[in-house]
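Here is the structure we will look at, set down as structure tokens.
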Amino acid sequence: MTEHNRMPARQIIVYGDCWPVTIAVAHLVRRFLPGCNCETAYRLPVLLQQLRRKPEAILILCLRPREHLFLFYSLRQILPDYPVMVISDELFFSDRVVLKVYGGIP
């Protein structure tokens, strides 16, 4: 059984392809975790740069998994044990399959 770390995250990176959703999630993170450093990214090169600079950060992806198969595959190959949270406005069965196969996310 894995244990959940109850310590609040110090660094969070929010990545998404829809800027209003990404900004809203980042605002909520800053509001409810005032001591954390929250950064946003909208382009893949910026995301990779931030991940290299902050390897201990938690990554929040504001994406529909079925539309970003290659991104999930690439991230899983590059960062196999990286903590990731996915936020989506809709979740189909195919999205759950993508998350389970590429991320082990239930």
query = Which residue pairs have Cβ atoms under 7 Å apart, sit 6 or more places apart or on different chains, and have a first residue in the stretch 42-58 that is at negative phi and a second that is surrounded by 10 or more Cβ atoms within 10 Å (Cβ to Cβ) and among the aromatic types (F, W, Y)?
reply = Y42/W19; L47/Y15
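How about the stretch 55-67: which of its residues are closer than 16 Å to A41 by Cβ and at pLDDT below 90?
P55
Quick grid of which residues meet (1) aliphatic (A, V, I, L, M); (2) over 15 Å from the mean Cα position of the chain (by Cα):
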| position | (1), (2) |
| --- | --- |
| F32 | no, yes |
| C38 | no, no |
| V46 | yes, no |
| L61 | yes, no |
| R64 | no, no |
| H68 | no, no |
| R76 | no, no |
| E90 | no, yes |
query = If you go through the stretch 81-106 one residue at a time, how many are basic (K, R) and surrounded by 13 or more Cβ atoms within 10 Å (Cβ to Cβ)?
reply = 1
inquiry  = Could you check the stretch 29-80 and list, in sequence order, the residues that are among the small types (G, A, S) and buried (at least 16 other Cβ atoms within 10 Å of the Cβ)?
reply    = A41, A57
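Taking I13, is it of a type outside the set (G, A, S), at pLDDT 90 or above and in contact with a Leu (Cβ under 6 Å, 6 or more places away or on another chain)?
Yes; evaluated as a whole, the condition is true for this residue.
The values are calculated or read from the model by the stated rules, or taken from the named source; none is laboratory data. Keep in mind it's a predicted model, so treat the numbers as computed, not measured. Backbone-built Cβ (ideal geometry, glycine too); neighbour counts: all protein chains shown.
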